[in-house]
1. Just to be sure I understand the model, the point goes 7 Å from the Cα along the line to the Cβ. What's the resulting ARG532 to ARG176 distance in nm?
2. Along its three principal axes, how long is region 24-124 when you only count alpha carbons? Whole Å, largest extent first please.
3. Scan region 210-284 for GluC sites (Glu not before Pro) in coil per DSSP, keeping those whose Cβ has at most 14 other Cβ atoms within 10 Å, and list them by number.
4. Of LYS435/LYS465; LYS197/LYS229; LYS283/LYS304; LYS197/LYS435, which pairs sit farther than 21 Å apart, going by alpha carbon to alpha carbon?
5. Any idea which of TYR118, MET202, GLY164 is furthest toward the positive side of the dipole for region 104-225, if Lys and Arg beta-carbons carry +1 and Asp and Glu beta-carbons -1?
6. If you place +1 on the Cβ of every Lys and Arg, -1 on the Cβ of every Asp and Glu, and leave all else neutral, what size is the dipole of region 24-124 about its Cα centre, to the nearest 20 Debye?
7. Find how many whole Å separate the alpha carbon centroid of region 296-363 from the alpha carbon centroid of region 594-615.
8. How long is the gain from GLN110 to ALA278 if the chain were fully straight, where each residue apart is worth 0.36 nm and the alpha carbon distance is subtracted?
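All of the numbers you see were taken from the coordinates with simple rules; none came from a lab. Please read these numbers as outputs of a predicted model, since none were measured by experiment. We place every Cβ from the backbone using ideal geometry, glycine too, and count neighbours over all the protein chains shown.
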Amino acid sequence: MSKQEKAVAAQADKQKSPVAGRKLDVIVATDCGSTTTKAIMIERKQEGYRQTFRGEAPTTVEAPFEDVTKGVLNAVQELEELSGRQIIDWDAVNDPQRDPTKLPFITPTQGENGVDIYISTSSAGGGLQMMVAGLVKTMTAESAERAALGGGAIVMDVLAINDGRLPHERIERIRRLRPDMILLAGGIDSDEAALNKKVAEMAELIAAADPKPRLGHSYQLPLIYSGNKYASEAVTIALSQRDKDGEPIRSAGGGYESKVAYSEVANIRPTLEHENLAPARAKIQDLFEEHVMAQAPGYDKLLKWVDAPVMPTPAAMGYIIATIAEVNQMNVIGVDIGGATTDVFSSFDVHDERLFNRSVSANLGMSYSVSNVMAEAGWENVMRWVPFDVDEEFLRDQIKNKMIRPTTIPQSLASLVIEQALAREALRLAFEQHKLLATGLKGVQRVKSLDEAFAEDDSGGTFIKMMELNLLVGSGGVLSHAPRRNQSMHMLIDAFLPEGFTALGVDSIFMMPHLGVLAQVDADAAEQVFDRDCMIYLGSVLAPAGQARRFGDPVCEYNITFPDGKTESGTLKYGELKLFPNLKVGEEAMVEANPTRAFNVGDGNGKPLTRRMNGGVVGLVLDGRGRPLGLNEDAAARRKQLMEWGAIMNSYADLSKASL
């Protein structure tokens with residue numbers, strides 16, 4: 001799509017917005033999480049939009065309340081107390097004759113009271129859980145998985161004709177998992193009879209399973225068909241209700257009575273060379289609000305309160321990541337590490353096309369899933385980040401305690417170090433899984449340029465190139481609420497191993513989902529708040545890629561010119577970290593890097609490069625530890641390395657006193 005076409009589409013979306021033409025001086029946004037409902041207030045100030053107050057309350061989707069709007073009102077009431085602004089018409093709320101589906105907020109603003117719009121995201125009730133199905137696991141099924149993940153879903157399973165399972169195993173799997181929704185893809189747009197038959201066979205498996213929705217019993221399970229348009233009729237017949245003779249039952253409208261709530265959108269993979277994910281993603285979010293959320297207690301009221309569609313929390317966070325990448329024309333990776341899952345988002349410019357991907361590592365988290373992190377990473381990988389000796393049995397007990405008491409926080413420096421070691425591995429593993437999904441289209445024969453043909457590619461086909469990454473953003477308790485911002489930056493560098501010149505930041509108070517839904521109403525307001533209040537700029541890192549034979553060997557010569565005109569020159573050695581904390585937020589330094597022949601800073605091995613680098617609350621980091629990371633194999637020497645790096649990064653006060 002050209003820039004002109006994008007501008008026209010953006011203008012059309014703005015005109016369709018439910019708040020188009022309205023003044024937006026005071027905005028309230030909530031995120032109804034699985035355990036906590038968070039509310040923020042955004043106000044238009046003289047310098048632009050700013051996030052001013054934040055409140056939170058327990059989510060009330062379960063007994064004894066069973067009404068999500070009670071948690072919303074409690075969180076907004078905290079905003080009232082903090083801001084002094086009356087937001088809720090409490091007389092109306094307490095009126096027994098009041099229509100509960102009417103917005104109880106005072107709107108629009110009236111002097112020092114009221115708000116102009118109310119918007120929300122949600123992941124209460126476990127979020128959106130989906131199954132996807134396609135013909136070939138590495139082609140249409142993989143495209144369907146990308147569409148579902150981008151729509152904000154947790155993908156419970158991926159079914160395909162060639163997934164190695166027998167038909168009855170697939171049927172049993174569908175029945176047992178009870179997803180909220182199913183996305184069925186299959187085949188490029190072709191009227192080939194054999195291909196259409198295969199798509200219909202997958203639909204017949206779903207019909208045979210007769211899946212029941214996880215929430216509610218009074219509605220049919222939503223199924224989206226986004227496959228070969230020529231197989232559409234065969235699919236609808238396969239999914240139809242049958243009479244006593246086994247014949248499809250016709251509906252009064254001339255179609256067929258379906259076993260599912262059937263929807264059809266454009267093919268997700270119309271040709272081998274092209275992926276069309278947007279229609280399926282949009283439909284997923286529509287059906288999430290219309291079918292899934294409507295079944296959860298109190299959501300029927302919430303859906304009538306909001307001024308814009310309620311988005312799944314991960315979809316909203318992905319939207320703000322994609323928006324920031326698009327507006328600034330940069331390559332961005334974002335991560336949200338939670339108690340049960342870790343979500344990774346990426347937006348990269350690949351062959352003049354911007355590609356967005358999201359992955360969910362549903363078994364990697366810092367509380368409910370922390371045991372899975374240890375099991376998947378392995379004892380050795382976790383302990384390589386711990387600079388003191390730990391008894392394995394004792395550590396495993398600690399991890400189990402965290403799993404069964406998920407709200408506890410470390411009470412000692414040693415416990416904090418171990419938790420952050422686990423976080424590094426959870427982030428690393430989630431990113432590895434993300435790269436497996438963020439790949440080019442399978443089955444496509446693309447003519448490569450001479451440079452591409454000779455380029456070394458050890459990334460398994462992923463289009464994520466760390467040397468081309470501009471911004472790495474972290475979110476989630478272990479990153480956003482680390483005792484020191486230095487620790488957040490240290491964890492992100494160790495886990496993601498950025499290469500070349502990269503800026504880093506963290507979400508200050510888990511505000512990104514709120515801004516994602518706001519971006520669909522007012523992109524300028526969302527961008528202003530993201531830049532001024534949401535993003536804590538940690539700083540930047542220069543990390544030459546390559547490895548040396550010995551620790552202490554030169555990696556690159558550097559010369560840094562700071563904003564005050566002062567310069568710093570030297571040699572970065574293999575296995576060395578350097579921190580320059582004097583490069584603050586809003587400042588830029590000119591950094592000249594001249595790597596040795598074995599190292600690359602972005603223009604090829606041994607080639608010098610000069611870039612402007614942004615400062616932050618931590619500063620500028622030079623990372624000479626190599627890519628892949630060079631860790632000493634000797635345990636005692638490695639612990640000494642970790643102690644030195646922690647001291648240089650100012651991550652820990654005094655690790656020599658750490659004890660469990």
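1. Inter-label distance under the simple model: 5.3 nm.
2. Projected onto its principal axes, the Cα set of region 24-124 covers 44, 31, 20 Å.
3. Passing both the DSSP loop test and the Cβ count: GLU273.
4. From LYS435/LYS465; LYS197/LYS229; LYS283/LYS304; LYS197/LYS435, over 21 Å: LYS197/LYS435.
5. GLY164
6. Here region 24-124 has a charge dipole of around 260 debye.
7. Each part reduced to its Cα centre gives a spacing of 32 Å.
8. So the chain would gain 56.6 nm between GLN110 and ALA278.
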